[in-house]
Every structure is written in C-alpha cells, then in structure tokens.
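Engineer: Below: one structure in structure tokens.
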C-alpha cells in the first residue's frame, strides 16, 4: 500500500506550486553579529541524527524590540539587519522609518557597508508609511521571491527527515520603526488623526499584521519591529496591574496587542549603567541589558545578555564579549595585566580593542574562549533536557498504559444489570 502522505507529496509535486509543496522543516537561524545575543536566543536541534547549534534570528520570524527611549533599539536593529543580509548575495533591508529619528548618514555608518553596497542593499522610506502600504510592500517582496525562486533560493546545507536537501529563500529584513507611528490609511490623513480611535488603529494593525505572518514565513521575510515602552499616568491610589508579564507597573506598549502576540521573539532593552570617557572603556555610552522576554525557540526568561553601546559607533560586539568574560570571571589578571586563558598577551580594558586587532594570536584566543564559554552553558541545558527525555522514554508512558486499559476494556463483556419494577424508568439506582 502507498502511504497517504507519500501519495499526497507526489500529487502536489506535479502541480509545481511551491505554496502547496511547502512543508514545515528544520529552522535556520542567522547570526546577528553579537555572539552572546545569538546564544541567548539560541537552541540545539537534532538534524539527521546530529545535534547542531541554531543561533540567531529564525527564518521568516516576526521580532520586536521594546524599551524606553534612548536604549539603542534603532541602532541595534540596523546593525543586526545588516549583519544578516551581508551573508547572502541577494538579501536586502527595507527600512520603514515612520519616526524619522535617524538620518541617512547615521544609518550608513551603522550598516558597515560602503556607499555602493549600501544603496544596493538598503531601501529606506520615511513618508507615506501606513499599515496598508507596509502590507502591500511585504506582499510585493513575497511575490517577487516566489515567482523568481531560482534566483533567491539557497541550499541551507541541511536535509529533511527523508534525506532531501532543504532549500530556503535568502532572508529579507523588513524594519518598522516604530509600531505606534504606523497608522491606517484613513488615520494617516491629518484631518482624520483626531477622529481615529486607538481601538480602530489596533484593529486595523491586527488585521494586516496577521495577514503578513504566513507570507513572511513562506518567503523568509524577517520582520523587526520597534515598540516603545511608555509610562502610564496612574491617578488611582491603587497600584496598576502590569499590562504584560514582562512590563512593570504603569508601563505600556503602544500598538496592537495582537501584533505583540504574533511575535516569535520580543527583546527588551534596559540601560544597566552609563559609560563615560574617563572610565574603563574610555567611551560615551551605556551598558544595555537585553532580556528575551518572549521566545518561540527556547525558554522565555532564560535569554539575557549585556551589550556595550557606544554613542558614536553603535553597539560594539567586541566590548560586549569582553564585558561577558570580565563579569563571568573568565579573564585572568587585573588592571593593565589582563589576559585571555591560554594566551600570554597582556592588555588593559582601555587598550583591549587595539591589542585585539593588532595581535592575531590574541584575537583567535578571545573568539575561541567566548564561543567555548557560551556553548558550554547551552550544552549543559541541552544535556539536562535529554536526560529528562531518557527517563521518560525508559518507562512506559501514561498514554501507553491508558491505551492498554482501553484495549482491554474493548474486549471485555459488559454485564447487563436487569431493571426491577422500582427502577424501571432508569431513575432509581441501588448505590450498593
């Protein structure tokens, strides 16, 4: 006999319709350029009998960065977006800058691209941004990739459960900055803004973002949305209940709650401490804590890391990893005599970056030490989960035990209880 699943796959293959042939497969994640952030949001999946790290932002996912103003949300998402697309030939960033809070030169500096590469990779819009127009543009990106799949598909190097190579579309990044500024077409008219209620805006956003989820997944369009945390004014004497589990009392997120629900990941940014030029790193900026408060790839609340934000150049991946090793007491020595375990090259906190890029031996030791330290933590969690699975597999499951009882019951003869005159109508029973 032919298995129904096999027959179905053969039938849809004849249609040559990729939308019908699509099946859920192993996820692919794309490194953000910040190793500690990638591990915080990473997990280990078993692919064809092998355990592999899956680190970064998942393909076709909806992601949200939340935080109070000046926590570096826009700077981080620009850097992350560019770090993802530079790995592929055809990938591009579509930046819907509704707030117009960042000028073109700043965006170019944060991208790390040359002028020529930047304008090939980036499309920025700062006017005419409505919920409907964002949807239309995302739909156009989807249709272009689907109709020209040979130009945009790549071999992920993974194989599915049947041994076939897994192909995905090269990732496209769509940035929305910010959600609270994206209004329906009707509300975008200056004369209509005051007449458009928050409930109407939320309903409209819910409708269009819900429609974007499947097309983003299908064409590997990764959406990154900025949403601001604002403070509600509480005029009551009683403390106000938190709006969401990861918000504090009187904190509020703009936009639709449905959009928040649709997100695969939500990253919360908070300033942990300020950095001054006269202090250790000799820069103006801050240490920003990132909490992964919602995740559909790992345990929410597990993911946390700290990144160093330089006001001039944006988030610094090297200093962020240095801070990780320092806080976790991996670095040896002190003061001007710090060193990486296994490497004799000494440096101070202020001279670290100069030493890192002038000494290949130090650079290699630094990167390897960071990777080993972060991977050990993820492996420990993975092994703990596997041990729990082994315990369950070693014993008969509750389902199997119940199934046995049901099967036994189905083969038993049920005794017939004869009715008496007193309970002939079926409404009087002897409890004994």
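Engineer: Can you find a residue that is under 27 Å from residue 381 (Cα atoms) and at pLDDT 95 or above anywhere in the range 87-107?
Structural biologist: Residues of the range 87-107 that are under 27 Å from residue 381 (Cα atoms), as a first pass: none.
No: zero hits.
Engineer: Separate question: Could you list, in sequence order, the residues of the range 14-42 that are modelled with pLDDT under 90 and more than 21 Å from residue 142 (Cα to Cα)?
Structural biologist: Across the range 14-42, the qualifying residue is only 14.
Engineer: Right, another one. Residue by residue through the range 315-357, note down the ones that are part of a strand (DSSP E or B) and in contact with a helix residue (DSSP H, G or I) (Cβ under 6 Å, 6 or more places away or on another chain). Full working, then the answer.
Structural biologist: Looking only at the range 315-357, we keep the residues that are part of a strand (DSSP E or B), and these are 315-316, 332, 338-339, 347.
If the condition is that a residue be part of a strand (DSSP E or B) and in contact with a helix residue (DSSP H, G or I) (Cβ under 6 Å, 6 or more places away or on another chain), then 315, 347 are the ones that fit.
Engineer: Do we have residue 372 as over 37 Å from the mean Cα position of the chain (by Cα) and either modelled with pLDDT of 95 or more or assigned to a loop (DSSP other than H, G, I, E, B) (or both) here? Step through it out loud before you land on a result.
Structural biologist: Details: over 37 Å from the mean Cα position of the chain (by Cα): no; either modelled with pLDDT of 95 or more or assigned to a loop (DSSP other than H, G, I, E, B) (or both): yes.
Judged against the criteria, residue 372 is not a match.
Engineer: Same structure, new question: Quick check: is even one residue across the range 366-377 in contact with a helix residue (DSSP H, G or I) (Cβ under 8 Å, 6 or more places away or on another chain), farther than 22 Å from residue 56 by Cβ and surrounded by fewer than 16 Cβ atoms within 10 Å (Cβ to Cβ)?
Structural biologist: No, that holds for no residue.
Engineer: State all residues of the range 398-414 that are part of a loop (DSSP other than H, G, I, E, B) and modelled with pLDDT under 80; if no residue qualifies, say none.
Structural biologist: Within the range 398-414, the subset part of a loop (DSSP other than H, G, I, E, B) is 411-414.
Residue satisfying the conditions is 414 alone.
Engineer: Taking the options 312, 380, 389, 361, name whichever one is over 19 Å from residue 54 (Cα atoms), in a helix (DSSP H, G or I) and within 32 Å of the chain's Cα centre (by Cα).
Structural biologist: On the way: 312 fails: in a helix (DSSP H, G or I); 380 fails: over 19 Å from residue 54 (Cα atoms); 361 fails: within 32 Å of the chain's Cα centre (by Cα).
On inspection, the qualifying residue turns out to be 389.
Engineer: Are there any pairs, at least 6 apart or on different chains, whose C-beta atoms fall under 6 Å, with the first in the range 313-331 and over 16 Å from residue 280 (Cβ atoms) and not assigned by TED's automatic domain parsing to the domain that holds residue 80 and the second in a loop (DSSP other than H, G, I, E, B) and modelled with pLDDT of 95 or more, and if so, which?
Structural biologist: 317/33; 317/34
Engineer: How many of the residues making up the range 97-108 are crowded, with 16+ Cβ neighbours inside 10 Å and assigned to a helix (DSSP H, G or I)?
Structural biologist: 2
The values are calculated or read from the model by the stated rules, or taken from the named source; none is laboratory data. This one's a predicted model, so the numbers in the text were calculated from it and none came from an experiment. Quick reminder, even Gly has a Cβ in these numbers, built from the backbone with ideal geometry, and neighbours come from all protein chains shown.
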